[in-house]
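Structure, as structure tokens:
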Amino acid sequence: MPFQSKYRSPTGETRPWTLKEVIQGKPIDRPTHPMMVHIPIAFYLGALGLDVLSRLGHFPAAPVAATWLIIAALVGFLGAATAGIVDRSFMRAESKIRKVATRHMLLQDAVAIIYAIDLAVRWSHRHDVHARPLWIVLEVVGALVMTYAADLGGQMVFKMGYRVGGGQS
């Protein structure tokens, strides 16, 4: 369905979209959180790959490129997290799906904190030719936590049926 500039009720009345509805993707008839999560995931893993590459080969720009990927990932995280928080706000309190969503959210927040720490410790050395081992360790830990948290998100959709076919729990 194409972009809808206003909400149209079943009775034909129209009104502007609320901010929550816009964040959820209602005007484009698509959930936004699943679209946004790929940005931080790809950039976090890309930063890890570049830092490992800087240690294994001759790629002197890799650490600075990885630094910019981490910044972009954290910005992307803000968008994905905002959409996720709005989605979570519509879940019934104390429901199983909300408990899983809360665990998913807290783990993804922990990933962002890990990468923010990585950014802070690397910033003054971002132009070094080789990534420091601490950066790689932080990124591996962040990637492992992120993978588990992403799996929880997948379970909410594929095992618990949240927002599949427009249904909600």
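Could you list, in sequence order, the residues of segment 76-130 that are among the aromatic types (Phe, Trp, Tyr) and either at pLDDT 95 or above or closer than 20 Å to Val64 by Cβ (or both)?
Phe77, Tyr115, Trp123
Considering only residues that are under 9 Å from Ala131 (Cβ atoms) and not charged (D, E, K, R), which ones fall in segment 49-76?
First, pick out the residues of segment 49-76 that are under 9 Å from Ala131 (Cβ atoms): 50-55, 62-63, 66.
Listed by number, the residues that qualify are Leu50, Val52, Leu53, Ser54, Ala62, Pro63, Ala66.
Which ones in segment 116-133 are free of Cβ contacts under 8 Å to residues at least 24 places away in the same chain and more than 19 Å from Phe59 (Cβ to Cβ)?
Ile117, Ala120, Val121, Ser124
Just give me the residues in segment 97-130 being surrounded by fewer than 17 Cβ atoms within 10 Å (Cβ to Cβ) and of a type in the set (D, E, K, R), in sequence order.
Once the filter is applied, which keeps residues that are surrounded by fewer than 17 Cβ atoms within 10 Å (Cβ to Cβ) and of a type in the set (D, E, K, R), segment 97-130 yields Lys99, Arg103, Asp109, Arg126, Asp128.
Can you name every residue in segment 73-115 that is without any contact (Cβ under 8 Å) to a residue 24 or more places away in the chain and not in a helix (DSSP H, G or I)?
Ala93, Glu94
Between residues in segment 1-19 that are part of a helix (DSSP H, G or I) and residues that are surrounded by 10 or more Cβ atoms within 10 Å (Cβ to Cβ), which pairs lie under 9 Å by C-beta distance while being six or more apart or on different chains?
From residues that are part of a helix (DSSP H, G or I), the pairs are Leu19/Val86.
Just to verify a result, which residue in segment 72-96, among those that are within 23 Å of Met35 (Cβ to Cβ) and exposed (fewer than 15 other Cβ atoms within 10 Å of the Cβ), is farthest from the chain's Cα centre (by Cα)? Before you say what the answer is, go through the steps one by one.
Taking segment 72-96 as the starting set, the residues that turn out to be within 23 Å of Met35 (Cβ to Cβ) are 72-91.
Cutting the leftovers down to exposed (fewer than 15 other Cβ atoms within 10 Å of the Cβ) gives us 75, 78, 82, 85, 89-90.
Values: Val75: 9, Leu78: 7, Thr82: 9, Ile85: 11, Ser89: 17, Phe90: 19 Å.
The residue in question is Phe90.
Quick one: in segment 1-14, which of the residues that are farther than 24 Å from Gly79 by Cβ and surrounded by 10 or more Cβ atoms within 10 Å (Cβ to Cβ) is modelled with the lowest pLDDT?
Arg8
Given the criteria in contact with a Leu (Cβ under 9 Å, 6 or more places away or on another chain), modelled with pLDDT of 95 or more, in a helix (DSSP H, G or I) and over 22 Å from Arg163 (Cβ atoms), does Ile70 qualify? Please lay out each step first, then the result.
On the way: in contact with a Leu (Cβ under 9 Å, 6 or more places away or on another chain): yes; modelled with pLDDT of 95 or more: yes; in a helix (DSSP H, G or I): yes; over 22 Å from Arg163 (Cβ atoms): yes.
Against the criterion (in contact with a Leu (Cβ under 9 Å, 6 or more places away or on another chain), modelled with pLDDT of 95 or more, in a helix (DSSP H, G or I) and over 22 Å from Arg163 (Cβ atoms)), Ile70 qualifies.
Can you name every residue in segment 23-48 that is assigned to a helix (DSSP H, G or I), within 18 Å of the chain's Cα centre (by Cα) and either β-branched (Val, Ile, Thr) or surrounded by fewer than 14 Cβ atoms within 10 Å (Cβ to Cβ) (or both)?
Once the filter is applied, which keeps residues that are assigned to a helix (DSSP H, G or I), within 18 Å of the chain's Cα centre (by Cα) and either β-branched (Val, Ile, Thr) or surrounded by fewer than 14 Cβ atoms within 10 Å (Cβ to Cβ) (or both), segment 23-48 yields Ile23, His38, Ile39, Ile41.
Identify the residue in segment 131-166 that is among the charged types (D, E, K, R) and crowded, with 18+ Cβ neighbours inside 10 Å and, among all such residues, is modelled with the highest pLDDT.
Glu139
The values are calculated or read from the model by the stated rules, or taken from the named source; none is laboratory data. Owing to the predicted nature of the structure, the values given are computational and were not obtained by experimental measurement. Don't worry about glycine lacking a Cβ; one is built from the backbone with ideal geometry, like all the others, and counts go over all protein chains shown.
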